[in-house]
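Novice: Provided herewith is a single structure, encoded as structure tokens, for subsequent inquiry.
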Amino acid sequence: MSPTEVSPERELLRSAGLRATDQRVETIRALEKHPHADAQAVFDIVLHELPDTSVQAIYGVLGALTDAGLVRRIEPAGSPARYELRVGDNHHHIVCSKCGAIGDVDCAVGHAPCLTPVTTSGFTLTTAEVTYWGLCPNCAAAPLS
């Protein structure tokens, strides 16, 4: 990339009204390569590019990116919060109950919110969040121990 070109990550940040700091750019790059990463994993990746980065700074960046709608935070039971760049499509997740690997599952029925409850208790429904549990291919193929 030439010095006058703006990276896609910087354009994305600016289009969301955020300053395109190096920490934000590197956090987005980390999530591009490692969807469903937790904050510690993002920190470990960003640290290689920005040695002065702190874990607290990464939590702040992830919070700002989530608030701006650029990142989605998911919280599978028994796992730290995970982050991904796939936003706005109301997809769901499948989690390996043995190793914790996470995969995306497209909406099961079609349009958002994918599930229609019997009652909404007066709420206006906007999204549905479903987590499927099972064994990933590696754990399913592993010999029993």
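Novice: Report yes if Arg72 is in contact with a strand residue (DSSP E or B) (Cβ under 8 Å, 6 or more places away or on another chain), in contact (Cβ under 8 Å) with a residue 12 or more places away in the chain, among the charged types (D, E, K, R) and surrounded by 14 or more Cβ atoms within 10 Å (Cβ to Cβ), otherwise no.
Specialist: So Arg72 fits the description; yes.
Novice: Give just the number: which of (1) without any contact (Cβ under 8 Å) to a residue 60 or more places away in the chain; (2) not assigned by TED's automatic domain parsing to the domain that holds Glu129 does Pro35 not satisfy?
Specialist: It fails just one condition, (1).
Novice: Considering only residues that are part of a loop (DSSP other than H, G, I, E, B) and either within 24 Å of Ile28 (Cβ to Cβ) or touching a strand residue (DSSP E or B) at 6+ places or on another chain (Cβ under 7 Å) (or both), which ones fall in region 87-101?
Specialist: Of everything in region 87-101, those that are part of a loop (DSSP other than H, G, I, E, B) and either within 24 Å of Ile28 (Cβ to Cβ) or touching a strand residue (DSSP E or B) at 6+ places or on another chain (Cβ under 7 Å) (or both) turn out to be Val87, Gly88, Asp89, Asn90, His91, Ser97, Gly100, Ala101.
Novice: Okay, moving on. Go over the candidates Asp104, Asp67 one by one and state the one that is closer than 28 Å to Arg10 by Cβ, modelled with pLDDT of 90 or more and assigned by TED's automatic domain parsing to the domain that holds Thr27.
Specialist: Asp67
Novice: Going by what's in this entry, would Leu47 be described as buried (at least 17 other Cβ atoms within 10 Å of the Cβ), part of a helix (DSSP H, G or I) and modelled with pLDDT of 95 or more?
Specialist: Here the answer is no, as Leu47 does not meet what is asked.
Novice: Give Asp52, Asp38 a once-over and let me know the one that is modelled with pLDDT of 95 or more, surrounded by fewer than 17 Cβ atoms within 10 Å (Cβ to Cβ) and touching a strand residue (DSSP E or B) at 6+ places or on another chain (Cβ under 6 Å).
Specialist: Just a single option satisfies the conditions, and that option is Asp38.
The values are calculated or read from the model by the stated rules, or taken from the named source; none is laboratory data. Quick caveat: nothing in here was measured; it's all calculated off a predicted structure. All Cβ positions, even for glycine, are placed from backbone atoms using ideal geometry, and neighbour counts span all protein chains on display.
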